[in-house]
Amino acid sequence: MIIDTGHYRFRVSGAPEYCYSELSRMYGDSVNLSPEKPVDFQLDFTSTSWLRTLVRPQRVLNVDNQRIFNPIAKDKCLPSIEWGMNWCVASYDHTRLLIHSSVLVKNDKAIIFPAAQGSGKSTLATLLGLNGWHLYSDEMAIVDLNSATVSAVHRASSLKNQSIKVVHSQFPNAVFSRTTEGTQKGAIAHVQVHSRAEFDHFGPASVVAVACPKYVGGARTEILPLNQSQGFAQLVRNSFNYSTLGEQGFETLFKLVQGAEFFALRYSNVNEIGDFLETLV
Amino acid sequence: MKSEARALFDWLLTPRQALEWQPQEWERALRILRANDMLATFAGLFEPGDLEQLSEYARRHLHSAVTYYQRQKHQVHHEVELLHELMAGAGCHPVFLKGAGYVLAEDSNHRGRLMSDIDVMVDKSELRRAELALLNSGWKAKEVTDYDDRYYRQWSHELPPFVHPERGTTLDLHHTVLPPITGRRIETVTLFDNTVQTDSGYTIFNLKFRLLHCIIHLFFNEDYEKACRDVWDIHCLAEQFSQPELMEFIALSQQLGFGTEVCFALRLRQYLLGTEYCDQASETLNRQLRGREWMVKRVIAPAVMPTHPLVDTFGTRIAKSLMYLRGHWVKMPLRILLPHAATKSYRALVSSVMGKYHYES
Amino acid sequence: MLYSHIVIKTMPDRSGIVVFNRNTFTTQFIQNPFVEQLKADPVSGEVDWNWLQSQCGQNQDAHGFLSDLVDLGLVDGGSRDH
């Protein structure tokens, strides 16, 4: 199966059958789009050993010669495809600056949410993406080296544990994948936030703000402005390939920083944050 | 051997053929090259004018590989500078080997060549001082099991690897080019007699010894997963020899006891890259390899094919396994091999039954 | 004056300067009160070095700032003493 996410085309092979139907639901028209075009990366599932095949079947996910993760039980393959796609991009695309963050866009203006795991960035991004914002990515800001604009990828958004319920309760009609229990990160599910048709209209957007989110249950909304030095440092810390890009990455980040305001956010109420973000675009 | 496996060498010889490739051919080639650490090398073989004619798809992937390589190259230059200073301060005289050596010598194969670590050689008498200097300036000895550590120190030609936690570089500190346990050696005096200084004042092997070391490394290694890169290294180095110089080189290698390895390597070059030799050289190769020519086609060539699901065959896998066994074999006499193999084997057996990752979780 | 392997840019909001080292590929952030007064190109962020040097004679803060840069090995020391 080919998944065309815009900038990156993936081929997935050898996955358990159920994965393909799940991916079809998540990716709709991005599946097997333009089959004559070459793919950028191929994710191959193979088995580990003959005994394992009998006892507790596991699959190994390979990209070319490399085993990219520890073996996975058959029922946990779906999230590993998503992680695998992220892995390929972060490991091999050095024609763009990649920042570990979510990206939301409105009125052609982008806000980047850099953050480590557990910050709630994906949940925030998904909720807003399903509610009037354009979710360019829930995982990675893809920054053009020359213009410092961000562009979109057509990917499902990933949710963990409580977030799955939270998003489902607010948007019961959204397209969810099945939930995979018991992964390293707990329960994982994916949501389709935009159709391919919507995605096709997402052009490059200039970054007007960078907001570092921290979800804290029951917390009052706090918005702390950061200066550009602090902001630049946050972006460096959260970049996948800043170090590989060297001086080019430095110039691109500087350009991005020049046009942006920076904030640290502490919140529990997504709507209030949403209101604040509206003022930025 | 699938023809596409051999094709990789053809791509390197005539990269311009890629201008005619269809997208699907590019897709396959990119995957195979990248998996064998040859993508940046391939990119470096194009003229700028030719690169512009390629599809955006091809250019993007080539460009990414080159960017990554340039970062590494930069890092190597920086590390060489720092290490040289550090060693000099400790009264040691480092010789930069392999990848770092090619970069410093600007051998054509250095362009696009990825290096996972830096290889440095010092005289055995300087080894301890060098080790201490490294440990005192932020380098850490990579964690190996006690068993492996003993193996390294007693039988090998290098210490367990060093890692620099901040910069992430790995360093291999050698005191000779071959594990003493193999029973084969080149006198340290000879090694150091065949070094030269670069314009920047760093010490590397001269061209003859860079080639010799490269060939020795190919034949005394266990890991043939990325051996196709070694073949290209050998080719690029050997290309710099005139025919008379090549004859001298063969003679020298025979004197040093590595005539067979060198002749196999040159024959391999002929077989995979179509290199032609003068009559005199061909005769020398024939004589040295009499009765063993078949090994080139049947064992060595398959073992140095690129590794990738698209081109692996039963034959290439068997050949690589055989060379793997041989690699271990030549590094240890039987009495060491059996206990070593027994320990490694038990683990391997458990791994193959329970899955490779049984010991990690 | 500025070592060739160093790139210095002034943040537009004058919160500090960011330094890129072409040798080590490291990025450093430096804060100094004088940055607020620093003359720099609005697009590239490049410091106007001539202007800075001219300030050193009469402005303690400018001199202090330049000294900091020298001490950090970013700028060649000879340029401080004019």
> Any idea what the dipole of segment A:95-281 comes to, in debye rounded to 20, about its Cα centre with Lys/Arg Cβ at +1 and Asp/Glu Cβ at -1?
Replying inline: 480
> So what's the Cα pair-distance distribution over chain A, bin width 5 Å, in %?
Replying inline: 1, 6, 12, 17, 19, 17, 13, 9, 5, 2, 1, 0
> Direction-averaged shadow area of the convex hull around the Cα atoms of chain B, nm²?
Replying inline: 19.7
> Simple spin-label model, 7 Å along Cα-to-Cβ: B:Asn206 to A:Ser206 in nm?
Replying inline: 6.2
> So in segment A:95-281, what percent of DSSP beta bridges are antiparallel if you round to the nearest 5?
Replying inline: 75
> So, counting K/R as plus one and D/E as minus one, what does the shell of residues with Cβ under 11 Å around A:Phe41 add up to?
Replying inline: -1
> Summing +1 for each Lys or Arg and -1 for each Asp or Glu, what net charge is found among the other residues whose Cβ lies under 9 Å from the Cβ of A:Ile188?
Replying inline: +1
> Given springs between every Cα pair under 10 Å in a Gaussian network model of chain A, which of A:Ala260, A:Ala110, A:Ala125 has the largest fluctuation?
Replying inline: A:Ala260
> Given only helices, namely DSSP H runs of n ≥ 4 each adding -39500 (n - 2.57), what is the per-residue ellipticity at 222 nm of chain B, to the nearest 500 deg cm²/dmol?
Replying inline: -18000 deg cm²/dmol
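Determine the percent antiparallel among the DSSP beta bridges restricted to chain B, to the nearest 5.
Counting only bridges with both partners in chain B, antiparallel ones make up about 60 percent.
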>> Show me the GluC sites (Glu not before Pro) within segment B:108-151 that DSSP assigns to loop and that have at most 14 other Cβ atoms within 10 Å of their Cβ.
In response: B:Glu143
> Expressed as a rounded percentage, what relative contact order does chain A have, with Cα pairs under 8 Å and six or more residues apart?
Replying inline: 19
> Across segment C:48-57, in residue order, what do the Karplus-derived ³J(HN,Hα) couplings come to in whole Hz, using 6.51 cos²θ - 1.76 cosθ + 1.60 with θ = phi - 60° and x for Gly and Pro?
Replying inline: 7, 5, 4, 4, 4, 4, 5, 6, 4, x
>> For segment B:232-335, which GluC sites (Glu not before Pro) pass both filters: DSSP loop (anything but H, G, I, E, B) and at most 11 other C-beta atoms within 10 Å?
In response: B:Glu276
> Calculated FRET efficiency, C:Leu2 and B:Arg129, Cβ-Cβ r, R0 30 Å, to nearest 0.05?
Replying inline: 0.20
>> Quick check on the exposure proxy: order C:Leu66, C:Leu2 from fewest to most C-beta atoms within 10 angstrom.
In response: C:Leu2, C:Leu66
> Which whole number gives the average count of other chain Cβ atoms within 10 Å of the Cβ atoms across peptide A:34-42?
Replying inline: 5
>> Relative contact order for segment A:1-92: what percent, with Cα pairs under 8 Å and sequence separation of 6 or more?
In response: 26
> Average partner chain C-beta neighbours within 10 Å, per residue of A:66-75?
Replying inline: 1
> What are the ³J(HN,Hα) values, in whole Hz, obtained from phi via the Karplus relation 6.51 cos²θ - 1.76 cosθ + 1.60 with θ = phi - 60°, for each residue of segment B:282-287 in sequence order, with x given for Gly and Pro?
Replying inline: 4, 4, 4, 4, 4, 5
>> Take chain C, mark every one of the trypsin sites (Lys or Arg not before Pro) that falls in a DSSP loop and has at most 16 other Cβ within 10 Å, then report the longest stretch left between them, sites excluded.
In response: C:40-82
> Charges only on Cβ, +1 for Lys and Arg, -1 for Asp and Glu: so what's the dipole of the protein assembly as shown about the Cα centre, in debye to the nearest 20?
Replying inline: 2740
> Which of A:Ala90, A:Ser47, A:His7 sits closest to the plus end of the dipole of segment A:1-92, meaning its Cα is farthest towards the positive end, when Lys and Arg get +1 and Asp and Glu get -1 on the C-beta?
Replying inline: A:Ser47
> If the viscosity is 1.002 mPa s and the temperature 20 °C, what translational diffusion coefficient in µm²/s does Stokes-Einstein give for the protein assembly as shown when Rh comes from Kirkwood over Cα pairs?
Replying inline: 74
>> Please compute the average number of Cβ atoms from other chains found within 10 Å of each residue's Cβ in peptide C:20-26.
In response: 6
> So, counting K/R as plus one and D/E as minus one, what does the shell of residues with Cβ under 10 Å around C:Glu36 add up to?
Replying inline: -1
>> Suppose we take every Cα in segment B:207-345 and form the convex hull; what volume per residue is that in Å³?
In response: 117
> So how do B:Met87, B:Met121 line up by other beta-carbon neighbours within 10 Å, fewest first?
Replying inline: B:Met87, B:Met121
> Under a point-charge model restricted to the Cβ atoms of Lys and Arg (+1) and Asp and Glu (-1), what is the dipole moment magnitude of segment B:207-345 relative to its Cα centre, in debye to the nearest 20?
Replying inline: 600
> Hey, what did chain B get for relative contact order, percent, Cα under 8 Å, at least 6 apart?
Replying inline: 17
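As a footprinting exposure proxy, order A:Cys88, A:Cys19, B:Cys278 by other Cβ within 10 Å, with the fewest listed first.
Placing the least packed residue first, the sequence is B:Cys278, A:Cys88, A:Cys19.
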> Any idea what angle helix A:17-27 forms with the longest principal axis of chain A, computed on alpha-carbon atoms, 0 to 90 degrees, nearest 10?
Replying inline: 30
> What residue among C:Val43, B:Gln243, B:Trp294 has its Cα farthest toward the positive end of the dipole of the protein assembly as shown, where the charges are +1 on Lys, Arg and -1 on Asp, Glu, each on the Cβ?
Replying inline: B:Trp294
> Along the charge dipole of the protein assembly as shown, which of B:Tyr102, B:Phe162, A:Asn65 sits closest to the positive end, that is, farthest toward it, with unit charges on the beta carbon of Lys, Arg, Asp and Glu (+1, +1, -1, -1)?
Replying inline: A:Asn65
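Rule-based calculations on the coordinates, nothing more; no lab input. This structure is a prediction, so every number in the text was calculated from the model and none was measured. Heads up, the Cβs are rebuilt from the backbone with ideal geometry, glycines too, and the neighbour counts pull from every protein chain shown.
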